[in-house]
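The values are calculated or read from the model by the stated rules, or taken from the named source; none is laboratory data. Because the structure is predicted, anything quoted here is derived from the model rather than measured. Heads up, the Cβs are rebuilt from the backbone with ideal geometry, glycines too, and the neighbour counts pull from every protein chain shown.
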Amino acid sequence: MRLTRRELAGLVAAAPMAARRLAQAKPQAAPAPDSAPPAPQSAAELHKNVAAVRKLAVPAATEPAFSFRPQ
């Protein structure tokens, strides 16, 4: 399937309207309170992860292991 630039632009421009119509057509139910982890536990995990990352000493001269290049 080939798309022209104009057709692609039309699809991209129509995406927000389609999402809005879907949201109006199917109102989502509120999530169950038991499904999400409690906020204090999540905050504690976040602080633990931040502390672990800050312990790493990476010299500024270190080059990345990969780089993105367009083809």
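Please verify whether the range 26-35 includes one or more residues that are at pLDDT below 85, among the polar types (S, T, N, Q), in a helix (DSSP H, G or I) and exposed (fewer than 10 other Cβ atoms within 10 Å of the Cβ).
No: zero hits.
When you scan the range 45-52, do you find a residue that is modelled with pLDDT under 85 and surrounded by fewer than 10 Cβ atoms within 10 Å (Cβ to Cβ), even just one?
no
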